[in-house]
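**Student:** Got a structure here, written out as C-alpha cells. Questions coming.
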Amino acid sequence: MDKNPIFNTMHSPIPVILSQVFPQEELVIRSVNRISGGDINDAFMVLTNNGPFLIKTNHTSAPRFFDGELRSLNLLATTNTLTVPKPFGSGKVNGIQFIVMEWLNTGHPDKHFWEDFGTGLASLHAHSNELFGAAGDQYIGTLPQSNAQATTWHHFYRDQRIMPLLRDALNQGLCTREDVTCGERLCNHLAELLPVEPAALLHGDLWSGNFLIKSDGHPALIDPAVYYGHREMDIAMTALFGGFDPVFYQAYNAAYPLQPGWQQRLAVSQLYPLLVHLLLFGSSYYGRVKTILQEYGN
C-alpha cells in the first residue's frame, strides 16, 4: 500500500472514488502504488479484484478539473486511430478531484513503433470539423484553456491561445508591454504565416511525456487536451522538447503531407505551449517566447 497517509488509512479516498465510479461493483483493493503523475497530479496504480486501474488525483480548487481529459479520451477513442486508455469516470470526493481510467501495461517499442505512431497521428488529424475549437473548455496543465469556437484558425489562435496568455503574462510581470504589442502584430499576420487547412482533431499537448509504449510495442496517447485546430500545433509540440524519432515525421508526411515550409514555421505554433510553460513554470521560458515574438512580430 502506498506510504502516503492519505492513501494508507481509513480516510483514504480511493475506496470512495472507486465506489462512486463503479457503484454496481464490489471492488476489493489489493494494492495501491504511486507512479509518476507529472508536475501537477498524483497518480496511482490501484490493483483490485477486477484488475488494475489508473487513478489520478489533484487538490486544485479548479472546477471539474479532469472532465476535459475524460471528454478528450472519449473523443480520441471514437477515431479508432491511436490507442488511448479508456476513462471510467471523473469527479470530486473530500476536496480531491480525480479521474479513473484503464491501466495500460508498458513495454518496449517494436520495430515499426515510430512508423505506426506517425501514421496513426496522421489518421487522427484526418478527422476534421467545420469549426476550430471544441464544444467544451478544459485545462492545459492547471491553466484554463478556452475552446470557444471560430471559423478560422488565425482568429482562434489569436483570441483563445496567444493574446489571453500574453495578457496574463503581462499582468504577472512575466513579459513586457512591448512583448504584447509584438504578439498583436504577430497575430495580425497569422493568416499569412500559417497555411489554410481544415480543422484537425488534435491531441493538444503532444510532448514525449504524453505517449506510452504499450506491452505489445505499439504507441498509446495519454493526458490529452483535445480540440480541433491546425495540425501543425501537434507537430510543433513534438519538436519543442524532442524525443520523437525522424521516422515518425517521415511516416506522418507519407500519410498526410504537411505543407511546404512546415519546419521553418514551427516556432509560430510553439509560441502557445511556451507561453503556457512561462505562466506555469516561470521566467526560464521567457527568452524563447521573446525570440519568437521579435522574429514574427516586428
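The values are calculated or read from the model by the stated rules, or taken from the named source; none is laboratory data. Not measured: the values here are computed from a predicted model. Every residue, glycine among them, receives a Cβ derived from its backbone with ideal geometry; neighbour counts consider all protein chains shown. Only protein heavy atoms, including side chains, enter the accessible area calculation; ligands, DNA and RNA are left aside. Shrake-Rupley method; radii C 1.70, N 1.55, O 1.52, S 1.80 Å.
**Student:** Considering region 255-298 alone, what residues qualify as being exposed (fewer than 14 other Cβ atoms within 10 Å of the Cβ) and of a type in the set (Val, Ile, Thr)?
**Tutor:** 291
**Student:** Turning to a different aspect of this structure: Yes or no: residue 128 buried (at least 16 other Cβ atoms within 10 Å of the Cβ) and hydroxyl-bearing (Ser, Thr, Tyr)?
**Tutor:** no
**Student:** Here is a further query. List the pairs whose first member sits in region 176-187 and is farther than 12 Å from residue 159 by Cα, whose second member is among the acidic types (Asp, Glu), and whose Cβ atoms are under 9 Å apart, counting only residues at least 6 apart or on separate chains?
**Tutor:** From region 176-187, the pairs are 186/295.
**Student:** Just checking, does region 60-76 include any residue being touching a Lys or Arg at 6+ places or on another chain (Cβ under 7 Å), crowded, with 16+ Cβ neighbours inside 10 Å and of a type in the set (Gly, Ala, Ser)?
**Tutor:** Checked against the condition, which is being touching a Lys or Arg at 6+ places or on another chain (Cβ under 7 Å), crowded, with 16+ Cβ neighbours inside 10 Å and of a type in the set (Gly, Ala, Ser), region 60-76 yields no hits at all.
**Student:** Being touching a Ser or Thr at 6+ places or on another chain (Cβ under 6 Å), more than 22 Å from residue 190 (Cβ to Cβ), part of a helix (DSSP H, G or I) and among the small types (Gly, Ala, Ser) is true for just one of 236, 251. Which residue is that? I'd like the intermediate steps shown before the answer.
**Tutor:** Numbers: 236 fails: more than 22 Å from residue 190 (Cβ to Cβ).
Sole residue among the options that is touching a Ser or Thr at 6+ places or on another chain (Cβ under 6 Å), more than 22 Å from residue 190 (Cβ to Cβ), part of a helix (DSSP H, G or I) and among the small types (Gly, Ala, Ser): 251.
**Student:** If I filter region 131-170 down to residues being within 23 Å of residue 74 (Cα to Cα) and among the small types (Gly, Ala, Ser), which single residue comes out as most open to solvent (accessible area, probe 1.4 Å)?
**Tutor:** My answer is 135.
**Student:** Turning to a different aspect of this structure: For residue 285, only one of the following conditions fails: (1) of a type outside the set (D, E, K, R); (2) in contact (Cβ under 8 Å) with a residue 24 or more places away in the chain; (3) not in a loop (DSSP other than H, G, I, E, B). What is its number?
**Tutor:** In the conditions (1) of a type outside the set (D, E, K, R); (2) in contact (Cβ under 8 Å) with a residue 24 or more places away in the chain; (3) not in a loop (DSSP other than H, G, I, E, B), residue 285 misses (2) alone.
**Student:** Sticking with this structure for a sec: Does region 197-254 hold any residues that are of a type in the set (Phe, Trp, Tyr) and open to solvent by 20 Å² or more (accessible area, probe 1.4 Å), and which are they?
**Tutor:** 207, 211, 228, 241, 244, 249
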